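K.L.:
Take this structure first; my questions come after.
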Amino acid sequence: MAKTSSAKPAAAGAVRSSAAKPVKAAKSAKAGKTAASATAAAPKMREMPPNPPSRPSKEIHVFPNPAPERDYVIQFQVPEFTCHCPLTGQPDFAHFTIDMIADQYCVELKSLKMYFWSYRDEGAFHEKVTNTILEDIVKVTNPRFIRITAKWYVRGGIYTNVVAEHRQKGWKPLPAVDLPAHSFESGLLR
């Protein structure tokens with residue numbers, strides 16, 4: 001179904017294109033101001049769609065791990081986390097890094113975005129909100145391992161970093177593989 005245009009017809013005597021007849025200059029400044037104020041109506045605001053594309057939500061969605069036979073790291077970077085200080089009401093900002101080794105389920109990104117957005121108007125201490133986020137992700141995914149690092153921006157001259165971890169009972173990481181370090185090669189002659 002096509003939408004009908006709600007555009008208003010052009011005012012009488014208005015210039016429609018560069019090919020139209022030139023408009024005569026106003027005889028007085030007062031007449032010019034009156035004409036300008038009549039044509040300078042309030043800007044039309046975009047209406048909210050009936051189903052907004054996204055809303056904050058505390059619901060985290062998951063999908064089956066496509067490679068549950070191996071340990072691999074999924075890393076999420078959330079550089080624009082916002083909540084409020086529960087004492088002052090001032091905004092707090094943090095950069096969250098989530099490192100996760102999934103077991104049977106992975107976190108769906110859009111739901112994670114909406115989940116983080118849901119904290120925007122809540123008051124929470126840094127330590128509490130970091131641990132709550134860890135607990136909520138563990139509840140729905142039961143990962144083999146997860147570490148959340150929250151780097152809180154300066155407040156009162158102090159930066160706060162909060163690191164919280166969860167390890168699935170019985171899970172042991174594979175030994176680290178040390179690879180040889182190589183110097184950077186750009187392919188350019190020096």
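The values are calculated or read from the model by the stated rules, or taken from the named source; none is laboratory data. What you see is a predicted model, and the numbers here were worked out from it, not measured in a lab. Every residue, glycine among them, receives a Cβ derived from its backbone with ideal geometry; neighbour counts consider all protein chains shown. For accessibility, only protein heavy atoms count, side chains too; no ligands or nucleic acids. Shrake-Rupley method; radii C 1.70, N 1.55, O 1.52, S 1.80 Å.
K.L.:
Of Ile74, Ile98, which residue is touching a residue at least 12 places away in the same chain (Cβ under 8 Å) and in contact with a helix residue (DSSP H, G or I) (Cβ under 8 Å, 6 or more places away or on another chain)? Working first, answer last.
P.N.:
Details: Ile74 fails: in contact with a helix residue (DSSP H, G or I) (Cβ under 8 Å, 6 or more places away or on another chain).
Ile98 is the lone residue from the list that is touching a residue at least 12 places away in the same chain (Cβ under 8 Å) and in contact with a helix residue (DSSP H, G or I) (Cβ under 8 Å, 6 or more places away or on another chain).
K.L.:
Going by the structure shown, is Pro175 loosely packed, with under 12 Cβ neighbours inside 10 Å and not in a strand (DSSP E or B)?
P.N.:
Values: loosely packed, with under 12 Cβ neighbours inside 10 Å: yes; not in a strand (DSSP E or B): yes.
Yes; evaluated as a whole, the condition is true for this residue.
K.L.:
Which condition number does Arg144 fail, the rest of (1) open to solvent by 100 Å² or more (accessible area, probe 1.4 Å); (2) more than 23 Å from the chain's Cα centre (by Cα) being met?
P.N.:
If we test Arg144 against (1) open to solvent by 100 Å² or more (accessible area, probe 1.4 Å); (2) more than 23 Å from the chain's Cα centre (by Cα), just (1) comes out false.
K.L.:
Any residue in the stretch 102-125 that is more than 24 Å from Arg167 (Cβ to Cβ) and assigned to a loop (DSSP other than H, G, I, E, B) sitting within a Cβ distance under 8 Å of a residue that is open to solvent by 90 Å² or more (accessible area, probe 1.4 Å) and basic (Lys, Arg)? List the pairs, counting only those 6 or more apart or interchain.
P.N.:
Ser118/Lys58
K.L.:
Please pick out the residue among Thr88, Thr149, Thr132 that is in a strand (DSSP E or B) and either acidic (Asp, Glu) or open to solvent by 10 Å² or more (accessible area, probe 1.4 Å) (or both).
P.N.:
Working: Thr88 fails: in a strand (DSSP E or B); Thr132 fails: in a strand (DSSP E or B).
Just one listed residue meets the conditions, Thr149.
K.L.:
Next question. Only residues that are surrounded by 14 or more Cβ atoms within 10 Å (Cβ to Cβ), at pLDDT 90 or above and part of a strand (DSSP E or B): list them for the stretch 152-172, please. Working first, answer last.
P.N.:
Residues of the stretch 152-172 surrounded by 14 or more Cβ atoms within 10 Å (Cβ to Cβ): 152, 155, 160, 162, 164, 166-168.
Now narrow it down to the ones that are at pLDDT 90 or above: 152, 160, 162, 164, 166-168.
Trp152, Thr160, Val162, Ala164, His166, Arg167, listed by residue number.
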